[in-house]
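Shown next, in structure tokens, is the structure this report addresses.
The values are calculated or read from the model by the stated rules, or taken from the named source; none is laboratory data. These numbers come from a predicted model, not from an experiment. Cβ placement follows ideal geometry from the backbone for every residue including glycine, while neighbour counts extend to all protein chains displayed. For accessibility, only protein heavy atoms count, side chains too; no ligands or nucleic acids. Shrake-Rupley method; radii C 1.70, N 1.55, O 1.52, S 1.80 Å.
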Amino acid sequence: MTVVKLHVPEQLRKSLASTNLIESAFSIVETVCRNVKRWHGGDQRERWVGSGLLVAEKQFRRVRGYKQIPALLECWKP
């Protein structure tokens, strides 16, 4: 609904309307953090999650319709 109300271009809308992008990244973070046996404070948790996101980043592909992002940003300018 949100991408429709924001008038996101069609090709970009297909990518942003799904939660698959986020779920895929968090799945990889979960796999990386699964092997951690002892968590020593919040700072170390953030490091492990950051490390997992860096691993996930290597598997990211270009978002379909990425060339339309500047047009989308133009619509949001006050």
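Lysine pairs in the chain with alpha-carbon atoms under 24 Å apart, 8 or more places apart or on different chains: how many are there?
Number of lysine pairs found: 8.
Would you work out what percent of the accessible area of the chain, with all protein chains in place, is carbon or sulfur (probe 1.4 Å)?
56 percent
With only Lys, Arg, Asp and Glu charged, each at its Cβ (+1 for the first two, -1 for the last two), find how big the charge dipole of the chain is about the Cα centre; round to the nearest 20 debye.
Its charge dipole is roughly 160 debye.
Compute the accessible area per residue over the chain, keeping the other protein chains in place, probe 1.4 Å, unit Å².
So the chain comes to 86 Å² accessible per residue, rounded to a whole number.
At 0.36 nm per residue, and after removing the present C-alpha to C-alpha distance, how many nm does the segment from residue 5 to residue 46 gain when stretched out fully?
11.4 nm
Once Rh is set to the Kirkwood radius over Cα pairs, what Stokes-Einstein translational diffusion coefficient, in µm²/s, holds for the chain at a temperature of 10 °C and a viscosity of 1.306 mPa s?
It diffuses with D of about 108 µm²/s by this estimate.
Calculated FRET efficiency, residue 39 and residue 19, Cβ-Cβ r, R0 30 Å, to nearest 0.05?
So the FRET efficiency works out to roughly 0.70.
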